[in-house]
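Read the structure below first, then the notes.
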Amino acid sequence: MERLALDGGAPVRTAPWPSWPVFGDEERKLLNEVLESGQWWAVGGKKVPEFEEAFARAQEAKHAVCVTNGTAALEIALRALGIGCGDEVIVPPYTFIATASSVLAVSATPVFVDIEPDSLNIDPNLIEAAITDRTRAIIPVHIGGRPADMDGVLAVASRHGLAVIEDAAQAHAAEWRGRKVGALGTCGTFSFQASKNLNAGEGGAILTNDDAVADKCWSVHNVGRTRSGKWYEHHVLGGNYRMTEFQAAILLGQLGRLSEQTERRTANAQRLTAGLRAIPGISVGGDDPRVTRHAYHLYPFRYDAAAFSGRSRDEFLRALNAEGIPCGAGYVPLYKEVVFQRKSAGQGSWCSAGRRIDYAAVDCPVCEAVCADAVWLFQTVLLAESRDMDDIITAIARIQQAWQG
Ligand SMILES: Cc1ncc(COP(=O)(O)O)c(C=O)c1O
């Protein structure tokens, strides 16, 4: 048996993985147009509206409002829906901090609902039990680019008259039952931060099919102005969350690459899945026919230490990285983050009307298990050649054979 790289053997892979971001003459040309025009900000600019229209069309939404980043997009959406002090918003605990911190930032209270072990997305069957008379909205997250069960989420939301804000920060181009994510509920938010499949370094957007919600988001993102109002006329509490023309220029270029990149990630993920399913102790999650397009921002799988002689997930990560396969452990349950464990956690200190939740007592067992055994591969690896997926499969199989005892 070949020695593992961790034990001094030759790594399975020494060749580099695709570099990120991917860009070329198109982005150079678009950026230069903005530079030379002297029109660098969105007010009166052409690129931001052009990208808003193109992105809304690509995601099958009526409206897009571009903003500074995905965190701001969530806060703006919540504010535009009038969610604030005393209100509760249901969120999954297996996500980036912004999904829940945005709720705190508008002085509302995040309520965590556990995830499904297979999709790693919010479990719609558990939402009803978390609804109180203060609940105003649900934020399903399409984690890793895999759409959440929107049938289940929308059904419970409509029974209880709740808004649905999709956190689609990781899910550009993803589809649920043949429909693009982002405007399946009340509205949806996206991130264009550096690691994302659609990237301008930083950036964000809100999508909606609702004219009034679009206008409110526009207002909040532009210091409370209205589209038809005067410059010094501020109707609601907002902020300056405007995207720049430079960001929109890069995004126009990147959007042109997204379909081909998504196809490539999908084909590679399928090859990877077929190979990994044959390795004991590795669970890649089942296929859901309702997920008609997975964006594969992440490729997560679960590691069963029992099939690896009890070696820990963190040892496995070290071994896999040593074989030349970049990978990571991913999230901790969000309610365990210090910001929530501190008794103040924003709630109470900012808003006396809210229900006080003791986050130290929150326990979402599926999320806990996933955080303990998940392994993430990243979207850039899925942009490699098809045969490169075999290096990943070989490395994992080699570790399993070496450790199975
Ligand atoms: C699920 C999720 N929500 C929200 C965000 C926040 O986006 P941004 O980093 O653009 O503020 C991110 C990205 O980091 C994310 O992954």
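Points to keep in mind about this one:
- Any hit, the stretch 126-141, residues being near the ligand (Cβ under 10 Å from one of its atoms) and modelled with pLDDT of 95 or more: yes
- Only helices (runs of 4 or more DSSP H) whose full extent lies in the stretch 235-352 are considered here, and the ones with at least 2 residues that are of a type outside the set (A, V, I, L, M, F, W, C) are 245-276, 313-322.
- Selection within the stretch 1-21: residues that are aliphatic (A, V, I, L, M) and surrounded by fewer than 15 Cβ atoms within 10 Å (Cβ to Cβ). The member of this set that is farthest from residue 381 (Cα to Cα) is 1.
- When the stretch 147-204 is filtered for residues that are among the charged types (D, E, K, R), assigned to a loop (DSSP other than H, G, I, E, B) and away from the ligand (no atom under 12 Å from the Cβ), the ones remaining, listed by number, are 149, 177.
- Filter result for residue 38 (farther than 22 Å from residue 221 by Cβ, more than 16 Å from the ligand (Cβ to nearest atom) and modelled with pLDDT under 95): no
- Within the stretch 1-15, residues that are over 19 Å from residue 384 (Cβ atoms) sit with their Cβ atoms under 6 Å from residues that are among the basic types (Lys, Arg), at 6+ positions apart or across chains, in these pairs: 9/3.
- For the stretch 88-99, the set of residues classified as crowded, with 24+ Cβ neighbours inside 10 Å, assigned to a loop (DSSP other than H, G, I, E, B) and within 10 Å of the ligand (Cβ to nearest atom) consists of 92, 94, 95, listed by residue number.
- The criterion of being of a type in the set (Asp, Glu), at pLDDT below 95 and farther than 28 Å from residue 194 by Cβ holds for residue 358.
- Checking the stated criteria, residue 310 turns out not to satisfy the condition of being over 30 Å from residue 134 (Cα atoms), surrounded by fewer than 17 Cβ atoms within 10 Å (Cβ to Cβ), in contact with a strand residue (DSSP E or B) (Cβ under 6 Å, 6 or more places away or on another chain) and not charged (D, E, K, R).
- Selection status of residue 239, under 27 Å from residue 91 (Cα atoms) and surrounded by fewer than 21 Cβ atoms within 10 Å (Cβ to Cβ): yes
- The single residue among 33, 27 that is out of contact with any Lys or Arg (no Cβ under 7 Å at 6 or more places or on another chain), in a helix (DSSP H, G or I) and surrounded by 20 or more Cβ atoms within 10 Å (Cβ to Cβ) turns out to be 27.
- When residue 231 is tested against (1) part of a helix (DSSP H, G or I); (2) more than 16 Å from the ligand (Cβ to nearest atom), just one condition goes unmet, and that condition is (1).
- Scanning the stretch 100-143 for residues that are part of a helix (DSSP H, G or I) and touching a residue at least 60 places away in the same chain (Cβ under 8 Å), we see that the one that is nearest to the chain's Cα centre (by Cα) is 143.
So that you can scan it fast, the table gives a plain yes or no per residue for (1) surrounded by fewer than 19 Cβ atoms within 10 Å (Cβ to Cβ); (2) touching a residue at least 60 places away in the same chain (Cβ under 8 Å):
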position: 147; (1), (2): no, yes
position: 158; (1), (2): yes, no
position: 189; (1), (2): no, yes
position: 196; (1), (2): no, yes
position: 199; (1), (2): no, yes
position: 205; (1), (2): no, yes
position: 213; (1), (2): no, yes
position: 222; (1), (2): no, no
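- Condition met for residue 323 (buried (at least 20 other Cβ atoms within 10 Å of the Cβ) and under 17 Å from residue 388 (Cα atoms)): yes
- Of residues in the stretch 55-76 being in a helix (DSSP H, G or I) and over 19 Å from residue 258 (Cβ atoms), the one farthest from the ligand (Cβ to nearest atom): 76
- No other residue among 401, 379 is crowded, with 21+ Cβ neighbours inside 10 Å, at pLDDT 95 or above and polar (S, T, N, Q) apart from 379.
The values are calculated or read from the model by the stated rules, or taken from the named source; none is laboratory data. Note that the structure is predicted; figures quoted are calculated from it, not measured. Glycine gets a Cβ as well: all are built from the backbone with ideal geometry, and neighbour counts include every protein chain shown.
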